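Reviewing the structure listed below.
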Amino acid sequence: MSESSNRPPISLSPGQWSFTRWNTIGQLEALEVHHPLFQATIFLQGAHLAHFAPQDQMEWLWLSDTARFEPGRPIRGGVPICWPWFGDPARNPPEVRKRIHSDAAHGFARSVLWKLEDVRESAHEVEISLSLDANEDFADVWTGHALALLTFSFSVRGCQLALTTTNLDSNPMAFSQALHTYFSTADISRTRVLGLGTSNYIDALNDWEYCTQDGPVYFEGETDRIYESGEPLTIVTPAGSRKLTAVGSDSTVVWNPGPDKAARLSDFPDTAWKTMLCVETANAAGDYRVLNEGQSHTLGVFIGRT
């Protein structure tokens, strides 16, 4: 799915990095990329992409003005990693739910430290890989043993995330997940998502009733839907548009909290719902995945110019 140059980036050790630097933001360690063609910021906690912008362009992602960068606290905005379950545990399929020993939504990957595996740089691209070994250390919240490897690829054309899960357990592993991407918009009422017309979806605000989309997705208040589609999408905002191309996904989550829920959310200004939306590349609801011992699955998205 790569949209990058044919020339592979060169793997380098920290002393040799040309564009990538360590920084401490709040109480968290982060990798900041300052490339002549683009900029990006990744936190080790949650393998969380918080910032991406090509040269001379405005920020592509939305990050809350009140986000707090503290150990164990998920970051509001950017691209949180929901893994190894998505959403409310009780709303997951039985095969996924039986592994979960927590009431917390969206799994534990977004609030724990990941390990830096590699930084690869070239004149056109930077790739950064981080891993999470979900072993017996997480037995109090989840049953299983799996390796999550997340690779970010940045170029002037856009950014790509590829999350590969490998089952290291002897038993089959069922899981759900999402790349919970927050996008900026100047006005949610003049924003729409193209590519989901005629798709079936679950309306989480209407007792999980099945509905069918008719044309573009518009936002008229709180929106929380799981679409049965992994087709390419276009997000149109007053400032322009972005194209999303997914792999390993047959479900897409579209979310905006609206005014009432925004007032209840942590680290979320009351009026911020007017300037953001989430379009999430997912394996959610009936699109959950099962891996036998040693098997892997990659969920990915390329966010690019249209």
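Here, each number is a calculation from the coordinates, and none is a lab measurement. Only a predicted model underlies this, so the values are computations on that prediction, with no experimental measurement involved. Glycine also receives a Cβ, built like all others from the backbone with ideal geometry; neighbour counts cover every protein chain displayed.
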Using a ≥ b ≥ c from the Cα gyration tensor of the range 230-271 (square roots of the eigenvalues), is it rounded, prolate or oblate, where a/c under 1.5 gives rounded and otherwise the larger of a/b and b/c decides, a/b for prolate? oblate
Kirkwood Rh and Cα Rg combined as Rg/Rh, the range 27-305: 0.94
Counting other Cβ atoms within 10 Å, which GluC sites (Glu not before Pro) in the range 187-257 have at most 10 and lie in a DSSP loop? 220
How high is the relative contact order of the chain, in percent, with contacts defined as C-alpha pairs under 8 Å that are six or more residues apart? 18 percent
Candidate lysines - alpha carbon under 26 Å from residue 243, same-chain residues fewer than 8 apart omitted: 274
Rounded to one decimal in nm, the spacing of the 7 Å Cα→Cβ label points at residue 135 and residue 296 is 1.9 nm
Stretched fully, the stretch from residue 105 through residue 189 gains (0.36 nm per residue minus C-alpha distance, one decimal, in nm) 27.5 nm
Would you list which aspartates and glutamates come within 12 Å of residue 115, measuring only between C-alpha atoms, while excluding same-chain residues fewer than 8 positions from it? 29, 133
Cβ-Cβ FRET estimate between residue 12 and residue 168, R0 fixed at 45 Å, reported to 0.05: 0.95
Starting from the Cα of residue 234, step 7 Å along the direction of its Cβ; do the same at residue 68; then give the gap between the two resulting points in nm. 4.1 nm
